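Please read the structure below before turning to the comments.
The values are calculated or read from the model by the stated rules, or taken from the named source; none is laboratory data. Only a predicted model underlies this, so the values are computations on that prediction, with no experimental measurement involved. Positions of Cβ are backbone-derived with ideal geometry, glycine not excepted, and every protein chain shown enters the neighbour counts.
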Amino acid sequence: MNFLIPLILGIILGYLLRNKVKVNTEVLMSASVIALVFLMGIKAGEVEVSATKAVLYSLTLMLFAVAGSIGAAKVLWRGIK
C-alpha cells in the first residue's frame, strides 16, 4: 500500500504535465533501475541460504529452461517447414 500513493500521484502529475514539460528522463530512469537492483541485492544478501542448495536449484532451473527452449524450438521449426 505504501507504493500506491506515490504511483497514483506520479500518474496524475504526468497526465497534467504531459504537454507542458519535456524532460530527458533516460539518465534518471537508468540510475533508478541501478539503485533498485543494488537495493534488491542488499536485501537478498541478508537472507541466509545454503550455497549448495542454491547452486543446485539454479542449475536445475537452467537445465529445464534450456530443455524447454530447445523442445519449443523443435516443435515450432517442424511447424514452419
Checklist outcome for this item: Selection from region 48-66 of residues loosely packed, with under 10 Cβ neighbours inside 10 Å and assigned to a helix (DSSP H, G or I) yields Ala51, Thr52, Lys53
Item to check | Among the candidates Gly10, Gly71, Gly45, Gly79, residue that is of a type outside the set (S, T, N, Q), surrounded by 10 or more Cβ atoms within 10 Å (Cβ to Cβ) and modelled with pLDDT under 90 | outcome: Gly10
Item to check | Selected residue (criterion: surrounded by the most Cβ atoms within 10 Å (Cβ to Cβ)) from residues of region 13-29 that are in a loop (DSSP other than H, G, I, E, B) and either in contact (Cβ under 8 Å) with a residue 24 or more places away in the chain or of a type outside the set (Ser, Thr, Tyr) (or both) | outcome: Leu17
